[in-house]
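Encoded as structure tokens, the structure appears first; notes follow it.
Here, each number is a calculation from the coordinates, and none is a lab measurement. Note that the structure is predicted; figures quoted are calculated from it, not measured. Using ideal geometry, Cβ is built from the backbone for each residue, glycine included, and neighbour counts are taken over all protein chains shown.
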Amino acid sequence: MNEAVKETLGFQTEVKQLLNLMVHSLYSNKEIFLRELISNASDANDKLRFEALHNKELLENQPELDIRIEFDKERGTVAIIDNGIGMSKEDVIEHLGTIAKSGTAQFLTNLTGDQKQDAQLIGQFGVGFYSAFVVADRVEVFSRKAGLSAGEGVHWESTGEGEFTVQTISKSERGTRVLLHLKADEVSFADGWQLRTIIRKYSDHIAFPVLMEKEKQEDFSAETDEDAEEKDAATVVDQGSEESSSEKKEAVATEEQVPEWETVNKATALWVRGKTDISDEEYKEFYKHISHDFEEPLIWGHNKVEGNLEYTSLLYIPKRSPFDLYNRDTPRGLKLYVQRVFIMDDAEQFLPLYLRFIKGIVDSNDLPLNVSREILQNDKSVETIKSALVKRVLDMLTKLSKKDADAYNKFWSEFGQVIKEGPAEDFGNREKIAGLLRFSSSKQASSEQTVSLDDYIDKMSDEQKKIYYITAENYASAANSPHLEIFKKKDIEVLLLSDRIDEWMTGYLTEYKGKNFQHVAKGDLDLGELQDQEEKKEQEDLESASKDFIERLKETLNDKVSDVKITHRLTDSPCCLVLGAYDMGVQMRQIMQAAGQKAPESKPIMEVNITHPLVEKLKEEIQEDRFADLAFILFDQAALAEGGQLDNPSAYVNRIHKLLLELSVN
Ligand code: ADP
């Protein structure tokens, strides 16, 4: 087979969509293509340096790793060249023809076609190699993987319109050269000053030198009159001797052949520098480099730890959650360095799952350079670093919540659901995590206005001993639940929990600052000191006066309820359903059903408001089947009022119809 044959392949559908999205999203910020390509080049160099720790030969005769930027004004091209790990033909087809992130296809179905709206989405996805097509109408990639022979290079080329070609080529230097043929209206990027400015702006923190050829133009401008005179003098002298003249020409020629390269960026790892030497802009650009996020981070924390364990961490909290936050297979974790040498991406051993949205790096001085994921899993120092990092993140968030409530609320709306996994996963930090939680409340006007547990406790009266909450399928069901009636009457705040995860979370979060949590629709409602003696007496009287009625109701609803009681929870509704203290609520049942498991059977207690006119009417009903119909209707309505679902909706509807007909007859 002829190896040099050029193959034409199609992009994966997702790539085509992404390319489209990219071009429209970045039109006002085109220059970031360079940041993305330099970022990839830096990653490639990092990977080579890591591989070379075990296999020195990979360095060939080029042990110095750098990134070079070339341009050609006339041709309108810019090239980004690294001498890193490189790509084989298979790598190129895979990495530059498909998108490996799982869930991408689904994410892209969210595209509306409205370019403004869609442009926002790129932030959730991350930019990358394909941003090259924002400024170029043709991109070529020349690459050779470290360790492969010169004859095993590869050439990739595409106009970004659905297809690309690959061809085996010969390439003497290891690494990758990305050559951009700029669009006619983007040729201004092929300019030394422009490129230098962009590099300093976005890639200053890249740990490898980013080199550019020293510009002749600069030499001219730096040329003094004296220099010029000297040159003239030389020319005059040269005219005198043929020999020396040709020698001189040769010298000039070789000088031109060996370009002089200069480093444009700072070229030291950012986190090694002192905090005070790093500007906010630099921190932000570094975040974009490691996260591929299009937006700036919300906040960050940079810490150097010395002593028994020595390590540096730089942790960022993003502004927006990525599209695949809930995807189990999404890589997560920190970039791990050991003594400044990049070791791996996505080292997930340094953070718990409920902090999986954190981006950043950790650089350890104690771990061995040949550390593997397996070693990390069982390493004591990793455990220690992990718990310190968790503490840092929780402190960072606590501080933010105190300092800037608006910013914290934004954080909460993006990541609150994930933080709610915390109390179960990280029992030791449960109280700290609980302090970060935000809830809707019966005393707030809308679901968006939330309160913290500290706010809640601050507002508690001396008589109130518990933190009251209700879980429901959605905010409206929680906010309008009949179970809140007594609390409204007594002006007691109830937290309204309607996220899928809430009921599960409350299984792990049973107290905060010494106060127990109490579900208002589960178990006996003990209002303690909130209920006065008079009320208690009144209730006992009502109970003894209605004994027979309650018994009759219980017999009728025998299949549906575990008990019938007189309530002190209700003021306006005729009845409500109460779960046993340890019974599963609606949310947990749904979670179990979604997981294909059968939720355990449990019957609620029906509590009736004995002074309600409907109940009084029922009490007086002598006809047995009419009593039964009314009793079932009351039961079903109690379930509906709480946002529950009926076991047998048509039986309910039939009973109502019957009742309506009777009404119209009378
Ligand atoms: P990301 O960098 O977020 O993975 P990109 O679209 O930027 O996404 O790149 C896709 C993949 O292509 C990279 O993960 C990497 O494997 C490969 N790649 C890109 N640029 C280079 C390069 N200069 N050298 C080696 N591999 C590269």
Query raised in the report: Quick one: H155, H24, H483, fewest Cβ neighbours within 10 Å first, how do they rank?
Result: H24, H155, H483
Query raised in the report: In the chain, what % of DSSP beta bridges are antiparallel (nearest 5)?
Result: 80
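For each of I622, I492, I656, count neighbouring Cβ atoms within 10 Å of the residue's Cβ, then give the residues from fewest to most.
If I rank by nearby Cβ atoms, fewest first, I get I622, I656, I492.
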Requested in this report: Of the DSSP beta bridges with both residues in region 290-406, give the percent that are antiparallel, rounding to the nearest 5.
Outcome: 80
Query - trypsin sites (Lys or Arg not before Pro) within region 120-203: DSSP coil, no more than 16 neighbouring Cβ in 10 Å - result: K183
Query raised in the report: In Å, the Kirkwood hydrodynamic radius of region 270-403 over pairs of distinct alpha carbons?
Result: 15.2
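What's the lysine pair count for region 42-110 at a Cα cut-off below 25 Å, pairs eight or more apart or interchain?
Total qualifying Lys-Lys pairs in region 42-110 comes to 5.
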Query - Span from the region 482-527 Cα centroid across to the region 60-109 one, whole angstrom - result: 54
Query raised in the report: Across region 133-147, in residue order, what do the Karplus-derived ³J(HN,Hα) couplings come to in whole Hz, using 6.51 cos²θ - 1.76 cosθ + 1.60 with θ = phi - 60° and x for Gly and Pro?
Result: 6, 6, 10, 10, 9, 8, 10, 10, 10, 10, 9, 9, 6, 4, x
Report summary line: Exposure proxy check on H519, H292: fewest-to-most Cβ neighbours within 10 Å is H292, H519
Query raised in the report: Taking region 424-463, which GluC sites (Glu not before Pro) meet the DSSP loop condition and have no more than 16 other C-beta atoms within 10 Å?
Result: E448, E463
Requested in this report: Take the Cα pairs of the chain, get the Kirkwood Rh, then feed it into Stokes-Einstein at 10 °C and 1.306 mPa s and tell me D in µm²/s.
Outcome: 52
Report task. Go through K522/K554; K603/K658; K537/K619; K420/K466 and tell me which ones have a Cα-Cα distance over 25 Å in this structure. Result -> K603/K658
Report summary line: Listed by chain and number, the residues whose amide H is under 5 Å from that of V305, excluding neighbours fewer than 5 places away on the same chain and using placed H, are Y311, T312, S313
Query raised in the report: What percent antiparallel are the DSSP beta bridges of region 532-666, to the nearest 5?
Result: 50
Query raised in the report: Can you give the helix-only mean residue ellipticity at 222 nm for the chain, where every DSSP H stretch with n ≥ 4 adds -39500 (n - 2.57) and the sum goes over all residues, rounded to the nearest 500 deg cm²/dmol?
Result: -12500 deg cm²/dmol
Query raised in the report: If you wrap a convex hull around the C-alpha atoms of region 1-152 and split its volume per residue, what is the figure in Å³?
Result: 151
Report summary line: For W261, the residues 5 or more places away or on another chain with a placed amide H closer than 5 Å to its own amide H are K214
Requested in this report: Post the alpha-carbon centroid distance, region 155-195 to region 412-435, in whole angstrom.
Outcome: 46
Query raised in the report: Which far-off residues, 5 or more places away or on another chain, put their amide H under 5 Å from the one on Y468, with H placed in the peptide plane?
Result: L495, Q518
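Report the longest stretch of the chain that contains none of the chymotrypsin sites (Phe, Trp or Tyr not before Pro) sitting in a DSSP loop with at most 11 other Cβ atoms within 10 Å.
Here the longest run is 28-581.
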Query - Tensor-based shape of region 83-219 (alpha-carbon gyration tensor, a/c under 1.5 rounded, otherwise prolate or oblate) - result: oblate
